[in-house]
Ligand SMILES: [Zn+2]
């Protein structure tokens with residue numbers, strides 16, 4: 001019989017809707033066949049499934065669901081003050097990356113050299129700005145001490161972004177990243193779904209690299225006194241974002 005329910009965390013398949021998967025996931029949604037159903041219906045299924053994976057990730061992040069961290073490929077150079085994480089091998093929809101110890105650890109580019117991970121929790125000290133190159137990660141959770149190199153991610157497919165409330169560097173609201181004092185908007189995820197965005201009134205400046213190529217965004221509302229470079233909203237002949245001053 002055809003398997004109709006697939007766990008987005010461990011990819012185990014079921015014929016009927018399970019109460020709970022071995023991995024802890026519960027929020028099952030019946031699969032929609034890409035070839036048999038309309039595109040709208042398939043997109044809705046994909047969106048719903050991503051949202052249920054986001055909710056699961058949030059529960060793991062805040063310790064409500066136990067989850068085994070991924071096996072890590074670590075490069076420890078004793079002459080260097082940091083430990084580098086070069087790879088994470090979990091093969092699951094959610095990858096939990098953490099390293100405990102006294103020395104700071106950096107999650108480096110190439111960490112997600114497998115393609116199944118859609119959600120990532122990084123409980124490390126720093127992640128490099130090209131960490132997500134060529135990855136499929138759509139859900140990113142930054143741990144309590146995690147910092148992003150140069151405060152931006154070069155390329156990403158992020159839809160949901162979250163930061164631990166104890167993180168001393170960042171504040172996150174509506175999936176957008178700000179400095180802890182909320183004054184600078186640092187990063188807008190490329191696959192955030194809305195077509196419009198209103199820059200919160202507490203923001204006084206926008207980082208030059210904050211909007212790299214937001215696929216869905218068409219219009220931005222921003223206060224007259226906010227400092228930013230207008231050129232950042234022009235991407236090419238076909239893609240630009242309308243600026244509305246408020
Ligand atoms: Zn599962």
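Taken together, the values in this text are just the output of simple stated rules run on the coordinates, not laboratory data. Computed from a predicted structure; not experimentally measured. All Cβ positions, glycine included, derive from the backbone under ideal geometry; neighbour counts span all protein chains shown.
For the chain, the Kirkwood estimate of hydrodynamic radius, built from reciprocal distances between every pair of different alpha carbons, is 19.4 Å.
The GNM of the chain, with springs linking C-alpha atoms under 10 angstrom apart, assigns the highest mean-square fluctuation among 197, 170, 160 to 197. The order of 240, 164, going from fewest to most other C-beta atoms within 10 Å of their C-beta, is 240, 164. Exposure proxy shown here: for 27, 174, the number of other Cβ atoms within 10 Å sets the order, fewest to most, as 174, 27.
Converting the Cα gyration tensor eigenvalues of segment 5-61 into ellipsoid dimensions via √(5λ) gives semi-axes, longest first, of 21, 14, 7 Å.
Rounded to the nearest 500, the 222 nm mean residue ellipticity of the chain from helices alone is -3500 deg cm²/dmol, with -39,500 (n - 2.57) taken per DSSP H run of at least 4 residues. The Kirkwood hydrodynamic radius of segment 113-246, based on inverse pair distances between different Cα atoms, is 15.2 Å.
GNM on the chain, alpha-carbon springs under 10 angstrom: the most fluctuating residue among 79, 209, 157 is 79.
Taking a spot 7 Å from the Cα of residue 245 along the direction of its beta carbon, which residues of segment 194-228 have an amide N less than 12 Å from it? Residues 222-228 fall inside that zone. Against the empirical curve 2.2 N^0.38 Å, the C-alpha radius of gyration of segment 65-114 lands at a ratio of 1.17. Taking each residue as 0.36 nm, the span from residue 11 to residue 219 lengthens on full extension beyond its C-alpha to C-alpha distance by 71.1 nm. Between 178, 61, 28, the GNM of the chain built on Cα springs shorter than 10 angstrom shows 28 fluctuating the most. Taking other C-beta atoms within 10 Å as the exposure proxy, 48, 33 rank 33, 48 from fewest upward. Each 10 Å bin from 0 upward holds the following percent of the Cα-Cα pairs of segment 192-246: 24, 61, 15, 0.
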